[in-house]
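The values are calculated or read from the model by the stated rules, or taken from the named source; none is laboratory data. Just so you know, these numbers come straight off a predicted model, no measurement behind them. Note that we place each Cβ from the backbone using ideal geometry, even for glycine, and neighbour counts take in every protein chain shown. All accessible areas refer to the heavy atoms of the entire protein, side chains included, with ligands and DNA or RNA removed. Shrake-Rupley method; radii C 1.70, N 1.55, O 1.52, S 1.80 Å.
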Amino acid sequence: METPVYRNSTILQFLPQFLVYTRFFISPLLLWDAIDGNTSIWFILGYVYAFFSDIFDGVIARRIGVINALLRQSDSWADVILYLCICLSAWLVHPDKIIAFSTPLSLIAFAQLIWWIVNLAKYGKPASYHTYSAKFWGITLFIATIGLFGFNYAGLTLWLAIIAGIVHTIEEIAMTLILPKWTHDVLSIFHAMRLRQISS
């Protein structure tokens, strides 16, 4: 079968990396916009771009066949930096709402800490599974973030993001305990169990 032209395009092959790198670049700019306790329209626009870049970097990489472990790890780190900046921005701009949700937010932070510890202890580096639950969590985080910074709302949307995050984190901790070696792009705990059976 003849190789599609887009597979040989240097520009297209670099596009997923470009989307990841711009997410790294935009994240501190979001925090900079919030440093005075207020955010402008550029905060929302920048975050919307970052969110959709996170979707399309993987889609494009799979389409043109350039997915690899380094790209997926970079993608995961870009997400960490993005939402760390979002969390700090939320504290600077909406401290009252963060305090009101301090208990559930502390719970998800603790769950994420356990996730990091388990992965570093077993693999020496963070996991990069990109599960379905991670994608769902990302959607709920997008809705909650737009609600908070765009409409000054932190009710049901933030609760949904917290619950989705806890479920996702528990699943990925279990996946790390199941999988004997570090593997990227494992879509769910059921996929992890199948990989474990194949490798055993």
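The table for this structure:
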{"item": "Segment 83-97 residues that are without any contact (Cβ under 8 Å) to a residue 40 or more places away in the chain and over 14 Å from L29 (Cα atoms), paired with ones that are among the aliphatic types (A, V, I, L, M) and open to solvent by 20 Å² or more (accessible area, probe 1.4 Å) (beta carbon under 7 Å, 6 or more apart)", "result": "W91/I98"}
{"item": "Restricting segment 133-157 to residues that are over 30 Å from M175 (Cβ atoms) and in a helix (DSSP H, G or I), the residue that is nearest to the chain's Cα centre (by Cα)", "result": "F149"}
{"item": "Candidate set from segment 88-110 (those that are within 14 Å of Y153 (Cβ to Cβ) and aliphatic (A, V, I, L, M)); member that is least open to solvent (accessible area, probe 1.4 Å)", "result": "A90"}
{"item": "Segment 56-80, residues that are within 16 Å of A134 (Cβ to Cβ) and either polar (S, T, N, Q) or at pLDDT 90 or above (or both)", "result": "Q73, S74, S76, W77, A78, D79, V80"}
{"item": "From A90, A78, residue being touching a Lys or Arg at 6+ places or on another chain (Cβ under 6 Å) and hydrophobic (A, V, I, L, M, F, W, C)", "result": "A78"}
{"item": "G147 being open to solvent by less than 40 Å² (accessible area, probe 1.4 Å), under 25 Å from F56 (Cβ atoms), touching a residue at least 24 places away in the same chain (Cβ under 8 Å) and of a type outside the set (A, V, I, L, M)", "result": "no"}
